[in-house]
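Novice: One structure, pasted below without further comment.
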């Protein structure tokens, strides 16, 4: 079993059984697992993020109409099916975590229309591992009681990212 397969199985167990699941109790009763693209090694990337200095503060509107502020940390460019794509990486100003919200050309037919997320950890030398196989839907995709940042226009891609989680309601 791969690490990704194990991760997905644990996530399904959490969604089905945990009281902190984003699913309502009624949703949990009928839940039989999330849907995913097959693992795609071509979308597991080691990238150097071009860090901004200074890092501007950006406001992202959420699914409930509120706003959240992030630091615009930097950008990276990568190739998908011989097409260049650029994404911005954001950092939470208070907690310091790195956040990559994006929408790609699989939305809204195959993936959540409002976008998917990746949580990032920096590695040595200013690099990040960007593994789109771990791209996930925000909790607001399952239940509207959650408030989720909507990816900004600059992170809306014209290319297809055929990796990670698919639509919950298919």
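No lab work stands behind these numbers, since they all come straight from the coordinates. If you're wondering where the values come from, they're calculated on a predicted model, not measured in any experiment. All Cβ positions, glycine included, derive from the backbone under ideal geometry; neighbour counts span all protein chains shown.
Novice: Which ordering of 46, 19 is given by a fewest-first count of other beta-carbon atoms within 10 Å?
Specialist: Fewest-to-most ranking of 46, 19: 19, 46.
Novice: Which order results if 123, 159 are arranged by neighbouring Cβ count within 10 Å, fewest first?
Specialist: Ordered from fewest to most neighbouring Cβ atoms within 10 Å, 123, 159 come out as 123, 159.
Novice: While we're looking at this one, here's another question. Under a point spin-label approximation (7 Å from Cα along Cα-to-Cβ), what is the residue 29-residue 144 distance to one decimal in nm?
Specialist: 2.1
Novice: Can you bin every Cα-Cα distance in the stretch 58-106 into 10 Å intervals starting at zero and give me the percent of pairs per bin, rounded to whole numbers?
Specialist: Spelled out bin by bin, the stretch 58-106 gives 22, 45, 26, 6 percent.
Novice: Quick one: Kirkwood hydrodynamic radius for the stretch 86-170, alpha-carbon pairs, angstrom, one decimal?
Specialist: Mean inverse Cα-Cα distance, inverted, gives 13.4 Å.
Novice: If you don't mind, there's one more thing I want to ask. What is the packing order of peptides 97-103, 2-8, taking the mean over residues of other C-beta atoms within 10 Å and listing the highest first?
Specialist: 97-103, 2-8
Novice: If you don't mind, there's one more thing I want to ask. What share of Cα pairs, in percent, lie more than 18 angstrom apart in the stretch 23-80?
Specialist: Summing the P(r) tail past 18 Å for the stretch 23-80 gives 67 percent.
Novice: Please report the projected area of the chain's Cα convex hull averaged over all directions, in nm².
Specialist: 10.5
Novice: Turning to a different aspect of this structure: Exposure proxy check: 130, 61 ranked by fewest other beta carbons within 10 Å?
Specialist: 61, 130
Novice: If I take R0 = 25 Å and measure r between the Cβ atoms of residue 158 and residue 58 in this structure, what FRET efficiency does the formula 1/(1 + (r/R0)^6) give, to the nearest 0.05?
Specialist: 0.75
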